[in-house]
1. Taking only C-alpha pairs under 8 Å that are 6+ residues apart, what is the relative contact order of the range 16-122 in percent?
2. Compute the Rg/Rh shape ratio of the range 16-122: radius of gyration over Kirkwood radius, all on alpha-carbon atoms.
3. On average over all directions, what projected area in square nanometres does the range 39-83 have, based on the convex hull of its Cα atoms?
4. Once you have the Cα-Cα distance between residue 15 and residue 53, take 0.36 nm times their residue separation minus that, and quote the gain in nm to one decimal.
5. If I take the Cα coordinates of the range 57-108 and project them onto the principal axes, what are the three extents in Å, biggest first?
């Protein structure tokens, strides 16, 4: 038995990356040249990625998740923890995914469906 408090199993997705959005006057955009950070693992409630940039605990950010060369999808997340990787001076970033719904500042239900599809495709995938 583990001490892990997760409600959902972590999935590891080869060739998956996270890009961080730029917020300007409530307009969210991703540059084609945005830095891509490796996605470490993902659940329906959270994610972990590795970044050259540290984030503030409590910070809300919008990320885009891309797998291989497939079209990505955007998620609003809340940074829960960061940890310095002393090997390469990068950071592990742990974030909780905001709620899903059809209104307000919620993540879209389409994104929840994409997460479910990724879970089905990669839950038993050996990395």
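Bear in mind that the values in this text are calculations on the coordinates, not laboratory data. Not measured: the values here are computed from a predicted model.
1. 23
2. Result: Rg/Rh = 0.94.
3. Averaged projected area of the range 39-83's Cα convex hull equals 3.5 nm².
4. 11.7 nm
5. 42, 30, 10
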